[in-house]
Amino acid sequence: MNALNQATLAEAKELGQVIIEAKDLTIDFKKSGGSLFKPKQYLRALNGLNFQLREGRCLAVVGESGCGKSTSAKIATKIHKATQGGIYYKGKNIDDITSSEELDAYRREVQMVFQDPFSSLNPLHTIRYHLTRAMKLYHKVTPEEMEQKLIDILEEVGLTPAKEVLEKFPHQLSGGQRQRVFLAKTLVIGAKVILADEPTSMLDVSIRIGVLNLMNKMKHEMNKAFMYITHDIATARYFAEDTIVLYCGHMVEWGSTEAITQNPQHPYTQLLLAAVPDPSRSIHDKLPTHRSLETPMWSPEKTGCPYAARCPNAKAECTEYLPEPVQIASNHYTRCHLFS
Ligand SMILES: Nc1ncnc2c1ncn2[C@@H]1O[C@H](COP(=O)(O)OP(=O)(O)O)[C@@H](O)[C@H]1O
Ligand SMILES: [Mg+2]
């Protein structure tokens, strides 16, 4: 093996293996019915996304409501199918995962965690029921092994005394505890990738940090790969090594979270960061302004940068075509005419 290959391998080990990769990920949703005289119209919810999820690391997908965050995770769980490009799992296009064994393995290894854990837990059943069912679906274990495993996992996620928690119903737990049950479920199943869609948005700020800490532990100690979907760039800073900033289905800035939050380049990222509440700011400080509050609906026919209408620095070419990605630093990229 030559020195370059050795260096690449060492780097991959350091970073963690790529487990999920999006290549040119694009999806169009049909907007209106279309008829003989009226052509079908499409909404382009994602346009050419490229990103990687690595074992033991977290990628934050940040952006305002409707920018396509959940859609990207839903494609990864095969709820939606990409119109162009796709998601690769350990190098294989997930559209080609079709046999029942492969589908079972994929569904076991790639799990989604939702914003509202209450809606995903049946209120009529205990935590024991939910976890036992998940375990039986994917693993063959004796009743004694099952009991021990459930207790170990509940203790792992900080739900103690585990024996008591097992007998509780979802409504008897707090929002943070329910989210922990959901994370416990991913452990019971044996997931390798967790697509967490706004997992802390419905939690009180003081509870949020505990859930983020638990996810951090799962990342570092259990080598789980996380996609952390959030509209809150401040929590991305706390939890994710890498970040992509989405605007209207387009990646406008991406790379290391530190670079993006400390040295944001795209006007949209700058706006997101300026909007983060800062206790040192006072009521007299002026908040950032921008030209328009309207987020455009993107379509396959549209060209240019989707942020142009809102951007305070927009130039003529911004509405004409989308610029190529520009590298700002070693792991920091943006797509903006100000840099092209
Ligand atoms: N199944 C669907 N059919 C049609 N449009 C959809 C569907 N799912 C999402 N969309 C649209 O795609 C865009 C992105 O949605 P979503 O991924 O849910 O955004 P986010 O999670 O960032 O709030 C939105 O404009 C939304 O209305
Ligand atoms: Mg969403």
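Restricting Ile283, Ile260, Ile328, Ile244 to residues that are surrounded by fewer than 14 Cβ atoms within 10 Å (Cβ to Cβ) and β-branched (Val, Ile, Thr) narrows the list to Ile283. Determine which single condition Ile97 fails, assuming it passes every other condition in (1) away from ligand 1 (no atom under 16 Å from the Cβ); (2) touching a residue at least 24 places away in the same chain (Cβ under 8 Å); (3) open to solvent by less than 70 Å² (accessible area, probe 1.4 Å). For Ile97, the failing item is (2). Beta carbons closer than 8 Å, at least 6 apart along the sequence or on distinct chains, pair a first residue in the stretch 68-80 that is closer than 16 Å to Asn50 by Cα and within 13 Å of ligand 2 (Cβ to nearest atom) with a second that is polar (S, T, N, Q) and open to solvent by less than 10 Å² (accessible area, probe 1.4 Å) for Lys69/Thr230. Do we find that Val276 is open to solvent by less than 30 Å² (accessible area, probe 1.4 Å), away from ligand 2 (no atom under 16 Å from the Cβ) and more than 20 Å from Phe339 (Cβ to Cβ) in this structure? Yes: the conditions hold for Val276. Pairs, please: C-beta under 7 Å, at least 6 apart or cross-chain, first residue free of Cβ contacts under 8 Å to residues at least 40 places away in the same chain and in the stretch 120-132, second open to solvent by 60 Å² or more (accessible area, probe 1.4 Å)? Every condition considered, the pairs that remain are Arg128/Glu167.
Residues are listed down the side, and each one gets a yes or a no for (1) farther than 21 Å from His139 by Cβ; (2) in a helix (DSSP H, G or I); (3) of a type in the set (S, T, N, Q):
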position	(1), (2), (3)
Gly176	yes, yes, no
Phe182	no, yes, no
Thr200	yes, no, yes
Gly210	yes, yes, no
Leu214	yes, yes, no
His220	yes, yes, no
Arg237	yes, yes, no
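When Leu150, Leu166, Leu159, Leu124 are screened for being among the hydrophobic types (A, V, I, L, M, F, W, C), over 28 Å from the mean Cα position of the chain (by Cα) and open to solvent by less than 20 Å² (accessible area, probe 1.4 Å), only Leu166 passes.
Please verify whether Tyr106 is more than 13 Å from ligand 2 (Cβ to nearest atom), of a type in the set (Phe, Trp, Tyr), under 16 Å from the mean Cα position of the chain (by Cα) and closer than 16 Å to Ala225 by Cβ, treating the condition exactly as stated. Here the answer is no, as Tyr106 does not meet what is asked. If you go through the stretch 186-225 and keep only what is open to solvent by less than 10 Å² (accessible area, probe 1.4 Å), out of contact with any Ser or Thr (no Cβ under 7 Å at 6 or more places or on another chain) and within 16 Å of ligand 2 (Cβ to nearest atom), you end up with Ala196, Pro199.
Of the numbered criteria (1) within 15 Å of ligand 1 (Cβ to nearest atom); (2) open to solvent by 80 Å² or more (accessible area, probe 1.4 Å); (3) among the charged types (D, E, K, R); (4) closer than 22 Å to Gly190 by Cβ, the one Lys74 fails is (2).
The values are calculated or read from the model by the stated rules, or taken from the named source; none is laboratory data. Worth saying up front: this structure is predicted, and the values here are computed from it rather than measured. Backbone-built Cβ (ideal geometry, glycine too); neighbour counts: all protein chains shown. The area values use the complete protein model at the heavy-atom level, side chains included, leaving out ligands, DNA and RNA. Shrake-Rupley method; radii C 1.70, N 1.55, O 1.52, S 1.80 Å.
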